[in-house]
Amino acid sequence: MTTTSALAAVLLASLAGCTSVSSNYGVVVKQTNSARLMICHGFDCRNQTKLDLSEADSARFKAIMAKGAASAESERAAIAKAVSYFEDRAGQAIGIRDTAKSTIAQSGRMGQMDCIDESTNTRTLLLHLEARGLLKHHKVERNVSRGFFADGRYPHSTAVASDKSGKKWAIDSWYEPMGAPPDIMPLSKWQSRGVLGER
């Protein structure tokens with residue numbers, strides 16, 4: 001592959017990738033409390049929508065996470081279901097459903113999310129579950145990014161949780177439509193991916 005064609009491939013991959021490498025999750029977390037989750041959208045948390053949790057929402061999260069109490073593996077499966085439920089509720093709160101793998105052309109649009117929005121929202125949910133004592137086998141870590149163009153990878157970010165052994169897991173909801181289960185895999189595996197737009 002020539003240098004020109006390799007560069008073209010990277011640029012094409014970038015059009016389908018996450019378009020932001022900064023994160024405003026600190027601001028969002030400060031606005032989140034036990035009865036309210038803030039939802040980022042519009043790319044790089046440009047827009048924020050409040051999701052006030054009902055008693056039914058709280059009961060649903062509790063029921064989902066109870067099914068994952070037996071082991072770290074089952075808890076990760078429960079986390080995937082909790083993220084899906086949260087995203088469905090987020091879509092209702094915003095009034096617009098995010099499409100999978102939002103492109104740079106959607107930057108600034110209400111309801112559309114880049115990987116910063118997605119990873120921030122997932123981390124916000126994880127912190128909420130942790131604060132309620134619903135995470136038995138994991139703790140929430142800082143979001144992690146990969147890629148810097150020169151390595152053939154577009155910048156991309158994910159939420160992260162570690163199990164009791166210290167192993168870190170990526171929880172990446174950007175690749176699927178809103179409400180679909182996120183990718184959950186060892187963070188080391190996630191960090192090695194993304195070349196030329198690889199999932």
Name the single residue, out of those in segment 134-182 being outside any strand (DSSP E or B) and among the hydroxyl-bearing types (Ser, Thr, Tyr), that is nearest to MET65 (Cα to Cα). SER173
Qualifying positions in segment 49-66 - buried (at least 17 other Cβ atoms within 10 Å of the Cβ) and outside any helix (DSSP H, G or I): THR49, LEU51, LEU53
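Just for segment 144-179: of the residues that are over 11 Å from the mean Cα position of the chain (by Cα), of a type in the set (Gly, Ala, Ser) and at pLDDT below 95, which one is surrounded by the most Cβ atoms within 10 Å (Cβ to Cβ)? Reasoning before the result, please.
Here is the first cut: in segment 144-179, the ones over 11 Å from the mean Cα position of the chain (by Cα) are 145-155, 161-169, 177, 179.
So of that shortlist, the ones also of a type in the set (Gly, Ala, Ser) come out as 145, 147, 150, 152, 161-162, 165-166, 179.
Filter again for at pLDDT below 95, leaving 145, 147, 150, 152, 179.
Working: SER145: 18, GLY147: 21, ALA150: 7, GLY152: 17, GLY179: 17.
Across segment 144-179, the extreme among qualifying residues is GLY147.
Residues to consider are ARG146, ARG142; find the one that is within 14 Å of VAL160 (Cα to Cα) and without any contact (Cβ under 8 Å) to a residue 40 or more places away in the chain. Don't jump to the end; show me each part of the working.
Details: ARG146 fails: without any contact (Cβ under 8 Å) to a residue 40 or more places away in the chain.
Just a single option satisfies the conditions, and that option is ARG142.
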Among (1) surrounded by 13 or more Cβ atoms within 10 Å (Cβ to Cβ); (2) in contact (Cβ under 8 Å) with a residue 24 or more places away in the chain - the single one ARG199 does not satisfy: (1)
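Among the residues that make up segment 111-118, is at least one of them at pLDDT below 95, surrounded by fewer than 24 Cβ atoms within 10 Å (Cβ to Cβ) and either of a type in the set (S, T, N, Q) or in a loop (DSSP other than H, G, I, E, B) (or both)? Before you say what the answer is, go through the steps one by one.
Initial filter on segment 111-118 (at pLDDT below 95): 111-118.
Narrowing further to those that are surrounded by fewer than 24 Cβ atoms within 10 Å (Cβ to Cβ): 111-112.
Subset that is either of a type in the set (S, T, N, Q) or in a loop (DSSP other than H, G, I, E, B) (or both): 111-112.
Checking segment 111-118: at least one residue is at pLDDT below 95, surrounded by fewer than 24 Cβ atoms within 10 Å (Cβ to Cβ) and either of a type in the set (S, T, N, Q) or in a loop (DSSP other than H, G, I, E, B) (or both).
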Restricting segment 67-76 to residues that are in contact (Cβ under 8 Å) with a residue 24 or more places away in the chain and part of a helix (DSSP H, G or I), the residue that is farthest from ASP172 (Cα to Cα): ALA72
Given the condition hydroxyl-bearing (Ser, Thr, Tyr) and at pLDDT below 80, answer yes or no: does some residue in segment 45-59 qualify? no
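The values are calculated or read from the model by the stated rules, or taken from the named source; none is laboratory data. Worth saying up front: this structure is predicted, and the values here are computed from it rather than measured. We place every Cβ from the backbone using ideal geometry, glycine too, and count neighbours over all the protein chains shown.
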